[in-house]
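Presented below is the structure to which this report refers.
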Amino acid sequence: MSEQVERTPENGASLPPDGALPPDSQADLHLVLGRNLRRLRTRRGHSLERLARQSGVSRAMLGQIETGKSVPTISVLWKVASALDVPFAQLLESEAPRGPVILRGSDAKLLTSNNGKFASRALFPFERSRTVEFYELRIAPLHRETAEAHLPGTRENLFVARGVVEISVGSDKPMTLAEGDAALFEADVPHVYRNLVTSEAVLYLVMTYAERVS
């Protein structure tokens with residue numbers, strides 16, 4: 001199964017070179033990922049081979065990400081972030097803007113699963129130090145998406161804006177959430193989002209880290 005995610009002009013966000021303006025198109029997202037992955041990997045003294053062993057992501061894919069030739073799926077990014085022991089969003093961060101920030105829908109950082117049935121859109125600026133992140137999630141009809149365990153102490157607060165979903169967390173009993181329902185759970189264990197209906201589900205996720213991230 002391919003680890004590459006399709007990129008289209010209408011679903012994207014970008015990050016320009018160091019010191020440039022904030023991101024505004026998906027076409028440059030691969031440059032951000034490559035630069036940040038290489039920086040975080042070398043800072044920890046990891047070779048590509050070692051990171052591949054620890055993350056379960058092939059050396060070839062890691063090399064393609066670092067050289068800007070591939071944008072990985074959400075699942076691959078979670079594996080890499082976990083192996084590096086950094087928050088997911090740290091792989092996507094750019095230089096911090098000053099003052100109020102408007103996050104245009106057309107400029108959003110949008111990541112999808114390799115089958116295109118699960119999409120995550122960041123609703124916060126990656127560039128600022130934080131303990132909380134805010135996402136919009138879209139799940140295709142009847143789709144089941146498995147998420148890797150996040151950093152220790154991470155919590156997720158989900159709100160269902162549209163649809164009916166089932167959330168399974170570790171070995172706990174699955175929770176069924178209808179439109180307007182919310183749930184809070186520890187997300188440092190594997191968890192599953194499942195759309196129970198034949199229309200797209202839309203959720204809003206607030207992720208809280210135990211420690212401030214940058």
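At a glance:
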quantity	calculated
Matching residues in segment 147-158 - criterion: being open to solvent by less than 90 Å² (accessible area, probe 1.4 Å), assigned to a strand (DSSP E or B) and free of Cβ contacts under 8 Å to residues at least 60 places away in the same chain	GLU156, ASN157, LEU158
Subset of segment 159-171 [open to solvent by 60 Å² or more (accessible area, probe 1.4 Å) and part of a loop (DSSP other than H, G, I, E, B)]	SER171
Lone unmet requirement of (1) farther than 19 Å from PRO72 by Cβ; (2) free of Cβ contacts under 8 Å to residues at least 40 places away in the same chain for ARG121	(1)
Residue check for LEU92: touching a residue at least 24 places away in the same chain (Cβ under 8 Å) and closer than 29 Å to PRO152 by Cβ	yes
Segment 180-214 - residue that is open to solvent by 60 Å² or more (accessible area, probe 1.4 Å) and not in a loop (DSSP other than H, G, I, E, B) and, of those, nearest to SER113 (Cα to Cα)	ARG194
Residue in segment 172-179 that is touching a Ser or Thr at 6+ places or on another chain (Cβ under 7 Å), open to solvent by 50 Å² or more (accessible area, probe 1.4 Å) and either within 22 Å of THR73 (Cα to Cα) or charged (D, E, K, R) (or both) present	no
So VAL169, is it more than 21 Å from LEU33 (Cα to Cα), free of Cβ contacts under 8 Å to residues at least 24 places away in the same chain and more than 15 Å from the chain's Cα centre (by Cα)	yes
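Okay, residues lined up against (1) modelled with pLDDT of 95 or more; (2) within 20 Å of PRO87 (Cα to Cα):
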| residue | (1), (2) |
| --- | --- |
| SER106 | no, no |
| GLU133 | no, yes |
| LEU151 | no, yes |
| THR176 | yes, no |
| GLU200 | yes, no |
| TYR204 | yes, yes |
| SER214 | no, yes |
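The values are calculated or read from the model by the stated rules, or taken from the named source; none is laboratory data. This one's a predicted model, so the numbers in the text were calculated from it and none came from an experiment. Positions of Cβ are generated from backbone atoms using ideal geometry, with glycine treated the same way; all protein chains shown enter the neighbour counts. The accessibility values were calculated without ligands, DNA or RNA, using every heavy atom of the protein model including side chains. Shrake-Rupley method; radii C 1.70, N 1.55, O 1.52, S 1.80 Å.
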